[in-house]
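The values are calculated or read from the model by the stated rules, or taken from the named source; none is laboratory data. Predicted, not measured: the structure shown is a model, and the values here were computed from it. In this analysis, Cβ positions are derived from the backbone assuming ideal geometry, glycine residues included, and neighbour counts consider all displayed protein chains.
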């Protein structure tokens, strides 16, 4: 199988070719290995590869090459280093529940992708393995924290890859790399058995893909509770793969043009949003601009997030240090991670409980929005992809609160969906200066079905498959 043939297929298409005997799983695995070898040196998206393992031959995605993020999922016998010197060489003793579901889906996991240290950024530029580059322009960031997965999928190394999202870490790299990325509802995918929830429910598990149907099929295969989960989202009435092929009908869509926090979207992003509104109106949706309050001030929102994030980060780092026998200091952690760790140890119980109250207030306010509207539209980000190094300028002078304030300032549209627990997706509907620009759609709790219906409609009305990055697997 030629690399170009392999890279032109999505996961569902590859599984179909294998099932019909038009190509063998071994040939597909070989093409994937050659694709990674061909383009990864330019992007630094994949930090380790390994030989393809056996898979259930009758599974829906049997034989499809896959990559897991170096964080958030455990694969027995494989390293999980969290993008950090602190965890260098750490090996997972057993599969997590999610990894078991990936295996049952038939996916052939061939390696792991880069993440910023402890996934604590929306750009992937860790000291440990270096910056991941955007395949559309290698001077630019691939986003984060699932930036390695985003760059790998966009460049054709694999058709779909694992990703996580605590403040936009699926949607940011989707926007930066011209991909489809959906953050599921809180409790949709199990975090067990190592955790009941991650970052107090802010973080969820998902994927990045080039086609809507790949994300829909994979979510069908990984959603649902596992024994011991503290809560779970209501199960869907129909498969998401069916929803992605279903007409959404006429939707009521609110438009948020200005993000919370005061950062103004750049002109290309504003223009892309206006074009998206026209597209939606041409599809007979009811679209109107509206003011959507968060329920708290932006300063309270940032402070609440910083306290929850850092208070979770600190014991996590302590546990990793205990397991590896390494100190927690400048030799093992980057300056912003170390500053956030120290900030986390300063958060009091009273401050943490008040942060949870902020989470509740935002969730209740968001729920009221969806009593009137089906969906909320905004840009995924206020800017097109930024150049490498921009996020880190002067970061060594920031404390834990200052760093998270910078992260949320860079991605002010995304984090509210994490705090409220609702599903949200980035759709690659635009470009600016040759770089992708994603549009974000957010739905009420448990309503991924609406998102997939609209995504399927948009993919037909404004297809993006013809747009290719400068760095892409080919012969």
- prompt: Residues in the range 459-474 that are surrounded by fewer than 19 Cβ atoms within 10 Å (Cβ to Cβ), within 24 Å of residue 374 (Cα to Cα) and out of contact with any strand residue (DSSP E or B) (no Cβ under 7 Å at 6 or more places or on another chain): how many?
  reply: 3
- prompt: What single numbered condition from (1) farther than 14 Å from residue 448 by Cβ; (2) crowded, with 23+ Cβ neighbours inside 10 Å; (3) touching a helix residue (DSSP H, G or I) at 6+ places or on another chain (Cβ under 8 Å) fails to hold for residue 175?
  reply: (3)
- request: Could you tell me which of the residues 342, 307 is assigned to a helix (DSSP H, G or I), out of contact with any helix residue (DSSP H, G or I) (no Cβ under 6 Å at 6 or more places or on another chain) and over 28 Å from residue 454 (Cβ atoms)?
  value: 342
field: Failed condition for residue 130, given (1) part of a loop (DSSP other than H, G, I, E, B); (2) over 20 Å from the mean Cα position of the chain (by Cα); (3) in contact (Cβ under 8 Å) with a residue 40 or more places away in the chain
entry: (2)
task: Kindly provide the set of residues from the range 373-404 that are surrounded by fewer than 15 Cβ atoms within 10 Å (Cβ to Cβ) and in contact with a strand residue (DSSP E or B) (Cβ under 7 Å, 6 or more places away or on another chain), ordered by number.
output: 387
- prompt: Quick one: in the range 34-44, which of the residues that are touching a strand residue (DSSP E or B) at 6+ places or on another chain (Cβ under 7 Å) and assigned to a helix (DSSP H, G or I) is farthest from residue 471 (Cα to Cα)?
  reply: 36
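Could you please give the count of residues in the range 81-100 that are closer than 27 Å to residue 406 by Cβ and in a loop (DSSP other than H, G, I, E, B)? If you could, list the steps in order and put the result at the bottom.
So in the range 81-100, the residues closer than 27 Å to residue 406 by Cβ come out as 81-88.
Now drop any that are not in a loop (DSSP other than H, G, I, E, B), which leaves 81-84, 88.
Here the count works out to 5.
For the range 363-475, which helices (runs of 4 or more DSSP H) that fit wholly inside it have 1 or more residues that are more than 30 Å from residue 296 (Cβ to Cβ)?
Correct list: 448-461.
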message: If I go through the range 345-362 residue by residue, how many of them are outside any helix (DSSP H, G or I) and either touching a strand residue (DSSP E or B) at 6+ places or on another chain (Cβ under 8 Å) or in contact (Cβ under 8 Å) with a residue 60 or more places away in the chain (or both)?
response: 0
- request: Please work out if residue 29 is closer than 17 Å to residue 160 by Cβ and either touching a helix residue (DSSP H, G or I) at 6+ places or on another chain (Cβ under 7 Å) or part of a strand (DSSP E or B) (or both).
  value: no
query: If residue 139 satisfies every condition in (1) more than 16 Å from the chain's Cα centre (by Cα); (2) in contact (Cβ under 8 Å) with a residue 40 or more places away in the chain; (3) surrounded by 20 or more Cβ atoms within 10 Å (Cβ to Cβ); (4) outside any loop (DSSP other than H, G, I, E, B) but one, which is the exception?
result: (3)
field: Residue satisfying condition, being surrounded by fewer than 24 Cβ atoms within 10 Å (Cβ to Cβ), under 21 Å from the mean Cα position of the chain (by Cα) and at positive phi, within set 433, 446, 456
entry: 446
field: Residues (surrounded by 18 or more Cβ atoms within 10 Å (Cβ to Cβ), assigned to a helix (DSSP H, G or I) and either without any contact (Cβ under 8 Å) to a residue 60 or more places away in the chain or in contact with a strand residue (DSSP E or B) (Cβ under 9 Å, 6 or more places away or on another chain) (or both)) located in the range 1-11
entry: 6, 11
- prompt: Is it the case that residue 53 is part of a loop (DSSP other than H, G, I, E, B), more than 20 Å from residue 426 (Cα to Cα), in contact with a helix residue (DSSP H, G or I) (Cβ under 9 Å, 6 or more places away or on another chain) and at pLDDT 95 or above?
  reply: no
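Pick from 112, 103: which is surrounded by fewer than 24 Cβ atoms within 10 Å (Cβ to Cβ) and either in contact with a strand residue (DSSP E or B) (Cβ under 9 Å, 6 or more places away or on another chain) or not in a loop (DSSP other than H, G, I, E, B) (or both)?
103
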message: Here is a list: 338, 294, 303. Which entry is within 25 Å of residue 81 (Cβ to Cβ) and either buried (at least 18 other Cβ atoms within 10 Å of the Cβ) or in contact (Cβ under 8 Å) with a residue 24 or more places away in the chain (or both)?
response: 338
